[in-house]
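The values are calculated or read from the model by the stated rules, or taken from the named source; none is laboratory data. What you see is a predicted model; the values in this text were computed from it and never measured. Glycine gets a Cβ as well: all are built from the backbone with ideal geometry, and neighbour counts include every protein chain shown. When the accessible area is computed, the model is the full protein with side chains, heavy atoms only, and any ligands, DNA or RNA have been set aside. Shrake-Rupley method; radii C 1.70, N 1.55, O 1.52, S 1.80 Å.
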Amino acid sequence: MKIRAGAAEDARILAMLNPHVHAIHAAHRPDVYRVDPPADELTDYFATLLVKDVTRVFIAEIDRPVGYAVAAIVRREENPFLRAESFILLNQLAVDPQAARRGVASQLIEAVRDAGRLEGCQRLLTDVLDFNEDAKAFYAAAGFADLKHVLEQPL
């Protein structure tokens, strides 16, 4: 397996690998997530992300692209409540179901960790929705711990 940095020309690859992960979210929360976003909109969205200075994208390949991670470097200034810090925020992680359980996600997470370390980040953050038991189990096994809980109430 090869993990490589994503480049501007990889937007189509990310758009191709995203739908099965997005479908999980849309199936559980169609009130929040669009069902079946058009491929051209996905490609345009990823093209915009890939050129941002703070974005770090990694693509896993096993003869072909089989997964990706999208993260962002966040630098926060000190304020009366919080200390200054920088962290890397994992926004998306997707692995082709045919490549599942082959270490793809773990290697992508390690690439994100390495990128954060290179940028002087103190920690790696991500979030996972409560209904996504598989993702919660993966992140726990990868060494992540609960940080906070976001609550919602319909109005």
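Key figures
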{"item": "Overall form of segment 1-87 per C-alpha gyration tensor (a/c, 1.5; a/b vs b/c)", "result": "oblate"}
{"item": "Peptide ranges 130-137, 144-151, 101-108 listed from the most packed, as the mean C-beta count within 10 angstrom indicates", "result": "101-108, 130-137, 144-151"}
{"item": "Per residue value of the accessible surface for the chain (all protein chains in place, 1.4 Å probe), Å²", "result": "65 Å²"}
{"item": "Sites A27 and A140 - FRET efficiency at Förster radius 25 Å, r taken between beta-carbons, to 0.05", "result": "0.65"}
{"item": "Helical segments meeting 15 Å axial Cα length and Kyte-Doolittle -1.0 threshold in the chain (DSSP H)", "result": "39-50, 104-118"}
{"item": "Most fluctuating residue given options I24, I73, I59, as computed from a GNM of the chain linking Cα atoms under 10 Å", "result": "I24"}
{"item": "Theoretical gain in end-to-end length, D36 to A84 [0.36 nm per residue, Cα-Cα removed]", "result": "13.3 nm"}
{"item": "Cα shape, segment 67-155, gyration tensor, a/c 1.5 rule", "result": "oblate"}
{"item": "The chain - percent of accessible surface contributed by carbon and sulfur, probe 1.4 Å", "result": "53 percent"}
{"item": "Taking segment 12-90 and dividing mean pair separation by its residue count, relative contact order in percent (alpha carbons under 8 Å, at least six apart)", "result": "21 percent"}
{"item": "Mean separation of Cα contacts under 8 Å, 6 or more apart, over the residue count of the chain: relative contact order %", "result": "20 percent"}
{"item": "Mean projection area, nm², convex hull over Cα of segment 10-139", "result": "9.1 nm²"}
{"item": "Residue among E78, E61, E119 with the largest mean-square fluctuation in a Gaussian network model of the chain, springs linking Cα atoms under 10 Å", "result": "E78"}
